[in-house]
Amino acid sequence: MNEEEPIRVLLVDDHEVVRMGLRALLERRPHLQVVGEAGSVAEAVEQAARTRPHVVVMDVRLPDGTGIEACREIRQMDPSVKVIMLTAFADDEAIVGAVMAGASGYVLKQTRSQGLIEAIERAARGESLLDPAVAGKVLEQLRRLARGEQDELASLSAQERRILELVAEGRTNREIAQELFLSEKTVKNYVSNILAKLNLHRRSQAAAFLARRRPFDLGRE
């Protein structure tokens with residue numbers, strides 16, 4: 001964002017009174033601009049796409065889902081958007097889930113007004129709002145995910161791993177059969193076995209599984 005332009009903020013909370021209070025607080029600061037409000041996950045995603053905020057202040061609990069789900073969808077649409085979770089208490093599991101979904105951090109609803117404003121400013125600059133203890137828990141969760149997926153891959157044979165790679169590239173069973181000099185029926189059986197071993201149901205899930213694994217630098221076996 002341009003340092004001279006105001007920070008565009010989207011407010012997401014299912015209580016209109018809370019949104020009104022937040023808007024009144026933020027609009028007293030000329031460098032902050034409230035560009036929209038939403039009271040549900042669906043509205044949050046729609047408003048984010050329409051108003052293109054720099055920062056979203058997001059309630060964790062929403063009537064049609066969670067702020068974590070909304071955060072994930074918004075960040076998938078535009079990774080430059082920063083999301084601050086607004087929560088009544090520091091629930092470690094919810095906070096870790098929010099950060100895993102791409103949130104910059106969280107602010108307690110009991111926080112003084114200046115604390116929220118500073119959090120918005122820091123998030124807009126790309127800073128993390130996590131204290132070291134929470135950051136450590138997030139890293140450990142990432143490591144556990146990496147270890148779990150590595151263990152699952154260890155159950156695959158070399159041929160199954162090769163076929164998984166080709167599935168992830170979008171190849172059809174016929175194309176895989178031609179490349180590996182196998183029958184199409186044999187490839188179909190391999191794919192079924194791979195999905196069963198990885199506890200997946202569709203080819204698209206297998207591609208997503210492999211895409212998640214690569215950022216952890218586990219490499220090809």
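If the condition is being under 27 Å from the mean Cα position of the chain (by Cα), of a type in the set (A, V, I, L, M, F, W, C) and loosely packed, with under 15 Cβ neighbours inside 10 Å, then the range 1-35 contributes only M1. Working only within the range 199-221, note down all residues that are at pLDDT 60 or above and loosely packed, with under 10 Cβ neighbours inside 10 Å. If the condition is that a residue be at pLDDT 60 or above and loosely packed, with under 10 Cβ neighbours inside 10 Å, then N199, R202 are the ones that fit. Being touching a Cys at 6+ places or on another chain (Cβ under 7 Å) and either hydroxyl-bearing (S, T, Y) or closer than 20 Å to L129 by Cβ (or both) is the requirement here; does V83 meet it? In short, yes. Inspect the range 36-53 for any residue being modelled with pLDDT under 95 and either loosely packed, with under 15 Cβ neighbours inside 10 Å or outside the structural domain of L116 (by TED's automatic domain parsing) (or both) and give the result as yes or no. No - not one qualifying residue is present in the range 36-53.
Could you tell me whether L86 is of a type outside the set (V, I, T), within 17 Å of G21 (Cβ to Cβ) and assigned by TED's automatic domain parsing to the domain that holds L32?
Working: of a type outside the set (V, I, T): yes; within 17 Å of G21 (Cβ to Cβ): yes; assigned by TED's automatic domain parsing to the domain that holds L32: yes.
In short, yes.
Contact map, the range 104-118: first residue at pLDDT below 90, second residue of a type in the set (K, R), Cβ cut-off under 6 Å, separation 6 or more or different chains; pairs are S104/K82.
The values are calculated or read from the model by the stated rules, or taken from the named source; none is laboratory data. Owing to the predicted nature of the structure, the values given are computational and were not obtained by experimental measurement. Methodologically, a virtual Cβ is constructed for each residue, glycine included, from the backbone with ideal geometry; neighbour enumeration extends over all protein chains shown.
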